[in-house]
Every structure is written in structure tokens, then in C-alpha cells.
Amino acid sequence: MDLLPDGLTARPPTMDDVEAVVALLREDEAAVSGGAITTVGDIASDWARPSVDLATHAVLVHDGARLVGYADQHRGRAWAAVAPGATGRGIGTALLAWTEVSARGSGQDVVGQTVADMADPAKQLLAANGYTPRWHSWVFSIPLGEHIAPPVLPQGVAVRPMQRPQEDHAVHVVIQTAFGEWPDRNEPTPFEDWRVAHLEREDVEVLVALVDDVVVGAAVCLDEGEGEGWVEQLAVDRGHRGQGLARALLQQAFHDFAVRGCATAGLSTDSRTGAKALYEHVGMVVTSTWTRWARDLTDR
């Protein structure tokens, strides 16, 4: 691993490292944004995707037996974290360089990271290495309770849990088609990658919106533990927008989370989607702001 400070070692992770990596990521998140959101299910499902090769798509940095750094890169989307007590030693610089090597090796032209706006050292490092802001992201939250009622559905619309496996492909198409409308969006996530990352999790429930028994909308919902539900993905077919389906899916998700005892529900979105107003309209508030920093790998 290039630029790794003396005395530190690097190696690819194995599935046995999931809990240690999550502990590091949550420690980093709490330090830079005030709240830890990554779960074991998040990392385990990401690593299990068929297109992920841990030998080339992720790296651990150790100081002796202590895990002090982690990075991954997949399809140009990178993530890096340094243990709060190990900052200032050049680990972040080494991890950044590793993400670029990994991205080039997998044929990517662009690599980037989404960083909390209050993470000034990370932003300074990215800017110094030729990264520029590309879009903004927000994490939203809403308190739940007995006041959360099921949605009042538009006429002819049904919302229910998806039926597996017969609706797997239909939900994938709705989500990937909708997400594909965003500017600067990567190519669609392959079905098997999406299925493993989202449908095979123990903490997932997927809601679908149907018109004439056809899936036209979906919400991928996660029980994050610690009293929080999380809407991981939300999409509605273009031809059925403007009818309140996204709102209905959100309200059903909030109701289901409340029934299961969750105190809050959250989600994230970015400025490419145009969905910020929807989430504010249903009563959600922004709890943290983030920016996507990226650079073109063809410029050096």
C-alpha cells in the first residue's frame, strides 16, 4: 500500500473483520458528524455482493493489533475512515491514494467520497488532492409514535410488503430506472448485487406500491436497531408520479417502524434527486449535511 506510514500494516479484510470495521466506522461517524449510523448489516451485505472482491475493493490498516484505518472502493464510490485517536499520522492520505489505485484498477474514470460538511480535515485533504464538490446530501429524521397512522391511499393504489421472489425483478427495475434518471449516476446496479445487498438482509422489509397489480413504486426499509428505522431506497415509476405514491410508501414505512417500536425513522437523499421537499413535507428534518467530493482519474 503506497504512502503507508512506517510501523503500520495493511491487508484486505475478511468477513471475520465486519464487526471491527463497523466499530471503527461508527467511532469515526460519531466524531465527525455527531451520530453513528453504520450497522453490521450494512457492511456485511455490501461485502457479500457478487461483484465485490475484498482483495482489491477494501483494505484495513493496523497499528499492531489495533485497527486504525479502513477504506473501500466499488464502481468509483469510495469510503474511508481513520480512528479518531490515530489522525494526523498520514493514514488518511494513504487510504485516499489506495482508493484511487483501486478505482483505476477496476476501470473507473472518476472516484469520490461523500464527506460530512463538518469534517474539515477530510475536506481539506480531498481539496488538496484535486477533488471538487459534485453534489450535496442530507440525512433526515422524524420522531415516531402513536400519531403515525397508515397512509390514505390514492384510488386504485395498494401498498403492501413485496412478495418474494416473484417481485424481486420488478422492484429492482423500478428502483434502478428511477435512480438512473439522476445526473452523474453510475450505471445501474446489477440485479444480483442489488438482491444480495438489499433483499437478503435479516433486517429488511420492502414495501411496494401497486396499480392494477403492477409494481410501480417501492421502499426498501431497514430496522437499524437502537430504536431507529431507515428507508434505504425509495422510488416511483415516472409514469405514476404526482399521485402521492412516494408519500404513501413513506407513511406506511413510518407506521410499520412505529408498530415495531422504533422511536425515529431516517433516510438520506442528495441534491440530484429533487426529493428534499417531499421529505420536509412529511415532517422530516435535516440532522446532518454531506457533500460528494470527486475527481477525474484521467487528469493525472
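The values are calculated or read from the model by the stated rules, or taken from the named source; none is laboratory data. Computed from a predicted structure; not experimentally measured. Here the Cβ positions follow ideal geometry from the backbone for every residue, glycine too, while neighbour counts run over all protein chains shown. All accessible areas refer to the heavy atoms of the entire protein, side chains included, with ligands and DNA or RNA removed. Shrake-Rupley method; radii C 1.70, N 1.55, O 1.52, S 1.80 Å.
Within the P(r) computed for segment 14-158, what percentage of the Cα pairs occupies the region above 24 Å? Cα-Cα pairs of segment 14-158 separated by over 24 Å account for 39 percent. Put simply, the amide H of Ala83, placed in the peptide plane, has neighbours under 5 Å in Gly69, leaving out anything fewer than 5 places away on its chain.
For Asp203 and Arg164, a Förster radius of 22 Å and the Cβ-Cβ distance give a FRET efficiency of 0.90, rounded to the nearest 0.05. Summarising the label geometry, the points placed 7 Å from Cα in the beta-carbon direction at Asp16 and Leu153 lie 4.9 nm from one another. To the nearest ten degrees, helix 91-105 and the longest principal axis of the Cα atoms of the chain are 70 degrees apart.
Quick one: with all protein chains in place, what share of the accessible area of the chain is carbon or sulfur, to the nearest percent (1.4 Å probe)? Carbon and sulfur together cover 51 percent of it. Take the chain with all the other protein chains still there, run a 1.4 Å probe, and you get 47 Å² of accessible area per residue. Taking R0 as 45 Å, what's the FRET efficiency between Trp182 and Thr9 from their Cβ-Cβ distance, rounded to 0.05? That gives a FRET efficiency of 0.70.
Taking the Cβ-Cβ separation of His255 and Leu54 as r and a Förster radius of 35 Å, what is the calculated FRET efficiency to the nearest 0.05? Once rounded, the FRET efficiency stands at 0.40. If you average over every viewing direction, what projected area does the convex hull of the Cα atoms of the chain give, in nm²? Its average projected convex-hull area is 15.3 nm². Pairs of C-alpha atoms in segment 106-152 farther apart than 15 Å represent 63 percent of all such pairs.
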